[in-house]
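Encoded as structure tokens, the structure appears first; notes follow it.
The values are calculated or read from the model by the stated rules, or taken from the named source; none is laboratory data. Predicted, not measured: the structure shown is a model, and the values here were computed from it. Cβ atoms come from the backbone with ideal geometry, glycine included; neighbour counts cover every protein chain shown. Note: areas computed on protein heavy atoms with side chains; ligands, DNA, RNA excluded. Shrake-Rupley method; radii C 1.70, N 1.55, O 1.52, S 1.80 Å.
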Amino acid sequence: MIYEQDMQRLMLTLVTCLLIAGCAPKSTFVLLPDPNGKVGKIIVTSSQGTQTLDQARQSVVIKGKANSPGEVKTMDETEIHSVFGKALDIQPSPPVKFLLYFKPESVQPKPESASEIHKIILAIKDRQSMDISINGHTDSKGEADYNYGLSFQRAIRVQKMLEKEGVASSLITTTSHGKNNPLVPTADNVPEPRNRRVEVIVR
């Protein structure tokens, strides 16, 4: 399984939590990496100036609307949790992605992939998930219309496997991508096993 998180959403949440307290004498901004260590960038601007944060744990303070952003500093983990602990604690768990693979022309997951169903069910129960996406894919071999149909059948097959385990259909969104959005880009009509897949995302 693969963990994903939108780092920008995390940053916007942290900043919003601070700005809600508009009467506070100062606002503190910090840039955090996502769970994979990836770092983006935020630009902090007031009427008096701008500072850019583009390194992990960089921070800046604005002391009132009439002041320019202060000096960029790096916060340690203890200080981050002291200042932002409450905001971090209410962050939703990052989505979890599961991949199930298929033989050519088949709508039945390979045996080693079928075992992922148990892990998916555990993730749904652990998160009390109300939002599950099932996305069907094929490799680039064959006609586009045929592959859309095949990837849809694969997604529906996985949906039925989840429903058999007690997952309500109302919680599931199913899409068909055909040979678009390959995991491994290839030329047309290439039978790439890693592209014959269904992605299940549990939020």
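Looking at the stretch 74-98, which of the residues that are open to solvent by less than 30 Å² (accessible area, probe 1.4 Å) and touching a Leu at 6+ places or on another chain (Cβ under 8 Å) is modelled with the lowest pLDDT?
Across the stretch 74-98, the extreme among qualifying residues is A87.
Of the conditions (1) surrounded by fewer than 19 Cβ atoms within 10 Å (Cβ to Cβ); (2) without any contact (Cβ under 8 Å) to a residue 60 or more places away in the chain, S133 fails just one. Which one is it?
Exception for S133: condition (2).
Could you list all residues from the stretch 136-147 that are surrounded by fewer than 16 Cβ atoms within 10 Å (Cβ to Cβ) and not aromatic (F, W, Y)?
Listed by number, the residues that qualify are E143, A144, D145.
Looking at F152, is it open to solvent by 60 Å² or more (accessible area, probe 1.4 Å), within 30 Å of V190 (Cα to Cα) and either touching a residue at least 12 places away in the same chain (Cβ under 8 Å) or assigned to a strand (DSSP E or B) (or both)?
So F152 fits the description; yes.
Give me the residue from the stretch 37-62 that is of a type in the set (D, E, K, R) and loosely packed, with under 14 Cβ neighbours inside 10 Å and, out of that set, farthest from K26 (Cα to Cα).
Among those that are of a type in the set (D, E, K, R) and loosely packed, with under 14 Cβ neighbours inside 10 Å, it is K38.
Tell me, yes or no, whether the stretch 70-93 has at least one residue that is under 30 Å from F152 (Cα atoms), charged (D, E, K, R) and assigned to a loop (DSSP other than H, G, I, E, B).
Scanning the stretch 70-93 turns up no residue that is under 30 Å from F152 (Cα atoms), charged (D, E, K, R) and assigned to a loop (DSSP other than H, G, I, E, B).
For the stretch 178-185, state whether one or more residues are at pLDDT 95 or above, out of contact with any helix residue (DSSP H, G or I) (no Cβ under 7 Å at 6 or more places or on another chain) and either closer than 15 Å to K97 by Cα or open to solvent by less than 50 Å² (accessible area, probe 1.4 Å) (or both).
no
Can you run down the residue pairs with Cβ atoms below 9 Å, 6 or more apart or on separate chains, where the first is in the stretch 74-95 and within 13 Å of F29 (Cα to Cα) and the partner is open to solvent by 90 Å² or more (accessible area, probe 1.4 Å) and outside any helix (DSSP H, G or I)?
Matching pairs, first to second residue: T74/Q55.
Restricting attention to the stretch 109-128, which residues are exposed (fewer than 15 other Cβ atoms within 10 Å of the Cβ) and in contact (Cβ under 8 Å) with a residue 40 or more places away in the chain?
Result: A114, K119.
Can you find a residue in the stretch 40-57 that is outside any strand (DSSP E or B), within 27 Å of P95 (Cα to Cα) and either in contact with a helix residue (DSSP H, G or I) (Cβ under 6 Å, 6 or more places away or on another chain) or β-branched (V, I, T) (or both)?
yes
Residues of the stretch 101-148 being out of contact with any Gly (no Cβ under 9 Å at 6 or more places or on another chain), of a type in the set (D, E) and assigned to a loop (DSSP other than H, G, I, E, B), which ones?
D131, D139, E143
If you scan the stretch 1-36, which residues turn out to be in a loop (DSSP other than H, G, I, E, B), of a type in the set (A, V, I, L, M, F, W, C) and either buried (at least 16 other Cβ atoms within 10 Å of the Cβ) or modelled with pLDDT of 90 or more (or both)?
Listed by number, the residues that qualify are L31, L32.
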